[in-house]
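Read the structure below first, then the notes.
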Amino acid sequence: MATKRKPLISGNWKMHHNHFEAIQVVQKLAYLLGGEDYDAVDVSVHPPFTDIRSVQTTLFDQKKCEIALGAQNCHWEEKGAFTGEVSPAFLTKLDVAYVIVGHSERREYFFESNEIVNTKVKAVFTHGMTPIMCVGETLEEREAGTTEAKVDNQVRDGLAGVKPDQVASMVIAYEPIWAIGTGKTATSEDAQAVCAMIRAVTAEVAGADAAAAVRIQYGGSVKPANAKELMGMADIDGALVGGASLDPDEFAKIVQYRNLPD
Ligand code: PGA
């Protein structure tokens, strides 16, 4: 059997925790996680933009802490007249390693198309960071049997023109929209089936080597109660965690999923 990729477990805080709260959360998280955890799993936290500098300095001060800093979004241009936007170059300067791109909330509320997502994926790479590109279907699409078509399209458009070695190093997050923040989780088998399909489409777009290396996260109501089973699936290489990442105790349990009961 092929060796599984090192999992990446990411906490997407969305619009929660001001910078004072953020400092406390990462201090606690750094205290709860240790060397064995970082050996087994890569970990990232994605605070709101206004917290990033505080989280950067807090992480820097923690001993033996390997939590990576992430952002939730960025603009595709380096600079210019884009009121209210954040340049990927500014994030690189703050030691941001991962940027979530095309989260379903960005697609739905801020009208981000597959083409915009693709442009942002490339911008994140241009600035030396790793994109976490989100894809996933709505409940209506799942019920209509169009999950595969929707996700296939998002993956192909999102990866268009991205070099195979870049695809190999990036992260794709499969997040069924109906499972986000609802407490409903896809069954491990359903999540695995879509993640396997994403890997197959990636192979068509970027080649077998890139598809074997790309990390595919599952996201949507991941919590300590379901993390171990999801993480046990062959094509699931991590989790993008929203609600349960706001509490450092809960998030640490997910990172330490290996120790959870079956
Ligand atoms: P959730 O969010 O874990 O609260 O469902 C996941 C996400 O949107 O990334």
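The values are calculated or read from the model by the stated rules, or taken from the named source; none is laboratory data. Since the model is a prediction, treat every value here as computed from it, not as a measurement. Note that we place each Cβ from the backbone using ideal geometry, even for glycine, and neighbour counts take in every protein chain shown.
Only one of (1) over 16 Å from the mean Cα position of the chain (by Cα); (2) crowded, with 17+ Cβ neighbours inside 10 Å; (3) under 19 Å from VAL205 (Cα atoms) is not met by ASN153, so which one is it?
Every condition holds for ASN153 apart from (2).
Return the residues of region 85-101 that are acidic (Asp, Glu) and on the phi < 0 side of the Ramachandran plot; say none if nothing qualifies.
GLU85
So that you can scan it fast, the table gives a plain yes or no per residue for (1) of a type in the set (Val, Ile, Thr); (2) over 25 Å from THR146 (Cα atoms); (3) assigned to a loop (DSSP other than H, G, I, E, B); (4) out of contact with any helix residue (DSSP H, G or I) (no Cβ under 9 Å at 6 or more places or on another chain):
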residue	(1), (2), (3), (4)
TRP178	no, no, no, no
GLY181	no, no, yes, no
GLU189	no, no, no, yes
ALA196	no, no, no, yes
THR202	yes, no, no, no
ALA210	no, yes, no, no
ILE216	yes, no, no, no
LYS228	no, yes, no, no
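With GLN72, GLN62 as the choices, which residue is of a type outside the set (Ser, Thr, Tyr) and within 16 Å of the ligand (Cβ to nearest atom)?
GLN72
For every residue, the table says whether it meets (1) among the hydrophobic types (A, V, I, L, M, F, W, C); (2) out of contact with any Lys or Arg (no Cβ under 7 Å at 6 or more places or on another chain); (3) closer than 25 Å to ALA97 by Cα; (4) at pLDDT below 95.
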{"position": "THR185", "(1), (2), (3), (4)": "no, yes, no, yes"}
{"position": "GLN192", "(1), (2), (3), (4)": "no, yes, no, no"}
{"position": "ALA212", "(1), (2), (3), (4)": "yes, yes, yes, no"}
{"position": "GLN217", "(1), (2), (3), (4)": "no, yes, yes, no"}
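Please go through region 96-138 and pick out each residue that is farther than 11 Å from ASN73 by Cα, within 12 Å of the ligand (Cβ to nearest atom) and either in a loop (DSSP other than H, G, I, E, B) or hydroxyl-bearing (Ser, Thr, Tyr) (or both).
Answer for region 96-138, where residues must be farther than 11 Å from ASN73 by Cα, within 12 Å of the ligand (Cβ to nearest atom) and either in a loop (DSSP other than H, G, I, E, B) or hydroxyl-bearing (Ser, Thr, Tyr) (or both): SER104, GLY136.
Every residue, every condition in (1) at positive phi; (2) within 12 Å of the ligand (Cβ to nearest atom); (3) crowded, with 24+ Cβ neighbours inside 10 Å, yes or no:
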residue	(1), (2), (3)
GLU175	no, yes, yes
SER188	no, no, no
ALA200	no, no, no
ALA208	no, no, no
ILE216	no, no, yes
